[in-house]
There are 2 protein chains.
Amino acid sequence: MTTLTDPDDLIWMRRALALARTVMYTTTPNPRVGCVIVRDGRVLGEGATQPPGGPHAEICALRDAAARGESVQGATLYVTLEPCSHYGRTPPCADAVAAAGPARVVVAMGDPNPQVRGQGLARLRAAGIAVTSNVCLDEALEINAGFVARMSRGIPWAWVKMAASLDGRSALHNGVSQWITGEAARADGHAWRARSCVVLTGMGTVLKDNPRLNVRAVETPRAPRKAVVDGDFAIPEDARLFDGAEVIIFTARTDAGKAARLAARNARVVALPGQQAGRVDLPAMMRWLGEHEFNEVHVEAGAGLGGALMSAGCIDELLVYLAPVLLGDAAAMLRLPLIEHLDHARRLEFTDTARIGPDLRLRARDSTRWQALREAAMCR
Amino acid sequence: MTTLTDPDDLIWMRRALALARTVMYTTTPNPRVGCVIVRDGRVLGEGATQPPGGPHAEICALRDAAARGESVQGATLYVTLEPCSHYGRTPPCADAVAAAGPARVVVAMGDPNPQVRGQGLARLRAAGIAVTSNVCLDEALEINAGFVARMSRGIPWAWVKMAASLDGRSALHNGVSQWITGEAARADGHAWRARSCVVLTGMGTVLKDNPRLNVRAVETPRAPRKAVVDGDFAIPEDARLFDGAEVIIFTARTDAGKAARLAARNARVVALPGQQAGRVDLPAMMRWLGEHEFNEVHVEAGAGLGGALMSAGCIDELLVYLAPVLLGDAAAMLRLPLIEHLDHARRLEFTDTARIGPDLRLRARDSTRWQALREAAMCR
């Protein structure tokens, strides 16, 4: 695992990763993939995966090379994910790559899809192509953590977005919370909404803020789905989030009449009653989302649902915007059960920290789960 | 103010700043100053201010050059603070510099001491030496914020050190707080104690943790003073912080007998009763500290005293160590009065963020006050 990577491979793979990042909002449920084809330090063609049904990154790059009149024979192809080996909505990319005849293929990570898992690379090797793998594995995994999570454990990668004061308060004692953080932090939060497959909130937030829950501060041709955890099925039928886009309502109670009326507003009601009356089975909800091809879940909720999801083990990562302000005795960020020993506290790992306008964005994730994704994404 | 700095000046001034940082723990109440003398890209001599009574940085650098057999004639002298022009414990450095005959002197900031304030530079100019000023002003101010604060406003620069979970909790509901952050964060906290002039705590902390309040995790030849805010003068006479080093007890109540017994343990009792019975006048305490040549105050206290100092306007900066852990419903970081509007919240400015072991260190300061220090430190 400690083999040194060729500096040229690093440079080109980073270009492929940058291409993958240009399609963060559009490829789901497929992974975001970038591809660059290079010979003698010159780009012959490049591309990124198109929306579902459209060509994958490798095909885009091969077509780009063809359009430029370039032969790919003997070149090196850099791709951020192992080329697929199965017929999905499109034919296998590994066959198309092999047919184009590059001398070498460099991949950042394996495809954890059980239908691929090494078979893409095996096909390339069988065609006499040299393969180098695991180049920039961690950067590639950052881009597709949700896809890897769904493929390897059947459950999406879920984060909670929170905004708080430096002393960890998410609202004043009187409930006022708009706006603790600045405009730049809100726009950054919308970029995380835009990349997700579903924006999930709770009834407390619906009743208090009546949010639209859509993506506004960034441009995106695809909108994530919206979802509400509503154990009592008490959602007001005129809530602002019913704006024509599909809304999923996870509930513990059935009411066929209300469900029918909401269906007319493009709401889909999913009953997943938990052990406690009136409470949704949150782990079952995450499994449901995985089964329905949701890769990434963006939670933007109050301390109640945020704390419940955290306690139920449904959260993989925290996305915390901290404002340089002190609020003192006010609302907590997450409602969690009392613990008696610090050893019992949920321990995460800080990843990147960024200054966003006057605020800070902190990210912290479950390192054990991240390591499991890494294992699933690594080529053997 | 937007003149471009010569790149060579930047390089040498940064070396002088690095020298100043080597004496962070030892020069108080004097400023930490570094000096490098250069000719044709070669160091002729360099030095940093010695403990009080010892030579200042410029004298150390001149002596270093002499010891190397180097003449300073026609050279450039870089110093992080304007050379002094008055007789303090030592004779004026400006005269010694002028006598050595460098062609040019570059300073990072002016000396805000009313006895100097531009006169040092004026003496140099009068001796025919070219002077360039305000080179790396902000970096220089970071090193001596406390000295500038005391000289310009009569009050030390004060920060509160806090350790908290990612959700802003400083202890569990049962009071357990050792240790939320890791060993590296505690050592970093001790480096901040070591640079300060006084480590200040409250009676809550004395009773709960019985701290020694000394510097342990870093090496320092000088220990900061210790101080306790103890309105009721209730401190146990066998508290562990009475270990022979001087302790200042700020109180609102007098008890000559107890004061005499504590004096035998090297405690000095200072009565500064506030408006509220049994409460110390905190702003008066900060003025007292300024009058007694304390530059930097390191507060390490509970949410009560921390919040009271913050509310009284006595805190300039927060030093927050955040652990990547969630504690949920537990003790708040600061006890502050309830506010009704976010506009009424105390707004600070984030400065640097650092990863310290598994934890993060966030710094946030009052930007208006920082600008005032900057004004006081700028050469005209």
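Which residue is farthest from residue A:117 (Cα to Cα), if the candidates are limited to the stretch A:343-380 and must be assigned to a loop (DSSP other than H, G, I, E, B), more than 9 Å from every other protein chain (Cβ to nearest Cβ) and not small (Gly, Ala, Ser)? This residue is A:366. Grab the strands (runs of 3 or more DSSP E) fully contained in the stretch B:199-271, keeping just those with 2 or more residues being small (Gly, Ala, Ser). Of the strands (runs of 3 or more DSSP E) lying wholly inside the stretch B:199-271, those with at least 2 residues that are small (Gly, Ala, Ser) span B:267-271.
Just one of (1) closer than 30 Å to residue B:360 by Cβ; (2) more than 10 Å from chain A (Cβ to nearest Cβ); (3) modelled with pLDDT of 95 or more fails for residue B:315. It is (2).
Pairs linking a residue in the stretch A:141-168 that is under 14 Å from residue A:298 (Cβ atoms) to a residue that is part of a helix (DSSP H, G or I) and not hydrophobic (A, V, I, L, M, F, W, C), with Cβ atoms under 6 Å and 6 or more positions apart or on different chains, are A:156/A:146; A:156/A:150; A:156/A:290; A:157/A:146; A:160/A:306; A:161/A:189.
Quick grid of which residues meet (1) crowded, with 21+ Cβ neighbours inside 10 Å; (2) in contact with a Ser or Thr (Cβ under 7 Å, 6 or more places away or on another chain); (3) small (Gly, Ala, Ser):
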| residue | (1), (2), (3) |
| --- | --- |
| B:279 | no, no, no |
| B:300 | yes, yes, no |
| B:315 | yes, no, no |
| B:324 | yes, no, no |
| B:376 | no, yes, yes |
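On the stretch given as the stretch A:125-154, residues that are crowded, with 22+ Cβ neighbours inside 10 Å, more than 21 Å from residue A:10 (Cα to Cα) and of a type outside the set (Lys, Arg) total 5. Filtering A:320, A:297 for residues that are of a type outside the set (S, T, N, Q), facing chain B (nearest Cβ under 10 Å) and not in a loop (DSSP other than H, G, I, E, B) leaves a single hit, A:320.
Search the stretch A:281-295 for residues being touching a helix residue (DSSP H, G or I) at 6+ places or on another chain (Cβ under 8 Å) and surrounded by fewer than 24 Cβ atoms within 10 Å (Cβ to Cβ), and hand back the single one that is farthest from residue A:154 (Cα to Cα). In this case the residue turns out to be A:282.
Could you tell me whether residue A:282 is within 30 Å of residue A:165 (Cβ to Cβ), aliphatic (A, V, I, L, M), under 19 Å from the mean Cα position of the chain (by Cα) and more than 14 Å from every other protein chain (Cβ to nearest Cβ)? So residue A:282 passes the test. Counting only strands (runs of 3 or more DSSP E) wholly contained in the stretch B:69-184, no element carries 3 or more residues that are at pLDDT below 95 and assigned by the TED database to the domain that holds residue B:33. In the stretch B:228-244, of all residues being surrounded by 15 or more Cβ atoms within 10 Å (Cβ to Cβ) and of a type in the set (A, V, I, L, M, F, W, C), the one that is nearest to residue B:199 (Cα to Cα) corresponds to B:228.
Evaluated against (1) assigned by the TED database to the domain that holds residue B:208; (2) without any contact (Cβ under 8 Å) to a residue 60 or more places away in the chain; (3) touching a strand residue (DSSP E or B) at 6+ places or on another chain (Cβ under 7 Å); (4) of a type in the set (Gly, Ala, Ser), residue B:187 falls short on exactly one condition, (3).
Residue selection: residue A:65 satisfies the criterion of being without any contact (Cβ under 8 Å) to a residue 60 or more places away in the chain and in contact with a strand residue (DSSP E or B) (Cβ under 7 Å, 6 or more places away or on another chain).
The values are calculated or read from the model by the stated rules, or taken from the named source; none is laboratory data. These figures come from a predicted structure and were not determined experimentally. We place every Cβ from the backbone using ideal geometry, glycine too, and count neighbours over all the protein chains shown.
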